[in-house]
Ligand SMILES: [Zn+2]
């Protein structure tokens with residue numbers, strides 16, 4: 001696994017702010033801005049998005065494709081995504097600690 005913290009190309013800061021942009025019919029976008037010098041740092045176009053602690057309603061809104069699925073299937077999907085997200089996050093933090101970048 002390769003792990004990077006997002007860093008500002010302008011002032012080398014690691015303090016980032018994510019601006020989440022949703023437009024109907026388009027994949028969600030995340031514009032990353034440096035908190036310290038306010039420079040535009042990066043843009044992510046999301047094929048998938050999970051926001052921890054926001055619950056299934058937020059998840060479904062982000063994945064509103066209009067597909068007909070049973071509530072049971074969607075709940076199972078959500079739980080699987082939640083589990084994978086938390087696991088991936090914990091792995092990333094563990095890696096950060098190993099690389100002594102957990103600041
Ligand atoms: Zn900066």
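Each value in this text was obtained by applying a stated rule to the coordinates, not by laboratory testing. Owing to the predicted nature of the structure, the values given are computational and were not obtained by experimental measurement.
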Problem set entry | Extension gain, residue 18 back to residue 75 (0.36 nm per residue minus Cα-Cα distance, nm) | 17.8 nm
For this session: For segment 1-56, state what percent of all Cα-Cα pairs lands in each successive 10 Å bin, counting from 0 Å until the bin that includes the largest distance.
Result: 22, 42, 31, 5
Exercise. In degrees between 0 and 90, to the nearest 10, how far off the longest principal axis of the chain does helix 71-98 point, with axes built from Cα atoms?
Worked result: 20
For this session: Give me the compactness ratio for the chain, meaning the Cα radius of gyration over 2.2 N^0.38 Å.
Result: 1.27
For this session: Over segment 50-103, consider all pairs of different Cα atoms and compute the Kirkwood hydrodynamic radius from their mean reciprocal separation; express it in Å, one decimal.
Result: 12.7
